[in-house]
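The values are calculated or read from the model by the stated rules, or taken from the named source; none is laboratory data. Every value quoted in this text rests on a predicted model; they were computed, and no experiment measured them. Note that we place each Cβ from the backbone using ideal geometry, even for glycine, and neighbour counts take in every protein chain shown.
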Amino acid sequence: MTMPQAKLLNMSNELAQLAADRYEITDALHRFAFGLDHGDADSLASVLTDDCILDFCPAGKKLGLDFGKVSGRQAIIETLIPLLGPLDTSHTMSNVQIEISEDLATVYCYVLAQHFMPRQGPQPGSENALLMNRYDCELIRDGQKWRFRRMTIDNAWAQGNPEILNALASQRVLAAKSKSKK
């Protein structure tokens with residue numbers, strides 16, 4: 001093999017690895033969204049490191065929601081599934097920007113999150129919140145897959161009533177308290 005052929009082969013391998021990495025990172029975003037939309041703890045777990053940090057503080061502050069940082073895969077799942085799982089919700093990713101440096105990646109994207117109260121869907125007059133959030137994430141390579149190590153979520157704009165997220169959380173706390181008194 002000549003030197004130019006070796007360079008072309010090496011360049012081809014690097015491009016193939018970059019394409020595979022970008023696919024796996026985008027797949028991690030999609031599995032995260034699927035987990036939220038379907039209340040699927042396994043999908044969420046598959047994309048989070050054990051020590052992942054989810055920081056919704058920037059968005060929460062703008063939206064008037066009491067939601068701080070959550071640390072650890074299990075804590076994130078135990079927080080998000082009960083909060084969003086019952087809602088009729090959908091998350092759509094766009095404008096994904098990926099920067100990769102060896103086994104670390106940074107992802108910036110927009111996520112359009114539509115939330116309706118349970119079993120109300122898009123019925124006329126139903127309570128809902130449409131949120132355009134900015135995700136700023138760090139991922140690490142775990143074999144051939146990528147997992148989130150940090151997710152920071154900020155809000156770009158909102159329509160509707162984001163308070164439905166707090167309202168549902170409050171209902172669950174009150175229901176749990178009343179069950180524990182019995």
Notebook entry, point to check: For segment 124-160, how many residues meet the condition of being without any contact (Cβ under 8 Å) to a residue 24 or more places away in the chain and either under 17 Å from the mean Cα position of the chain (by Cα) or within 15 Å of T89 (Cβ to Cβ) (or both)?
Noted result: 1
Next item on the list: Keeping to segment 93-141, report how many residues are assigned to a strand (DSSP E or B) and exposed (fewer than 12 other Cβ atoms within 10 Å of the Cβ).
Entry: 5
Next item on the list: Please tell me if L29 is surrounded by 11 or more Cβ atoms within 10 Å (Cβ to Cβ) and at pLDDT below 95.
Entry: no
Next item on the list: Name every residue in segment 73-89 that is modelled with pLDDT of 95 or more and surrounded by fewer than 16 Cβ atoms within 10 Å (Cβ to Cβ), in order of residue number.
Entry: Q74, A75
Item checked: For T89: the one exception among (1) part of a helix (DSSP H, G or I); (2) within 17 Å of L112 (Cβ to Cβ); (3) touching a residue at least 12 places away in the same chain (Cβ under 8 Å) -> (1)
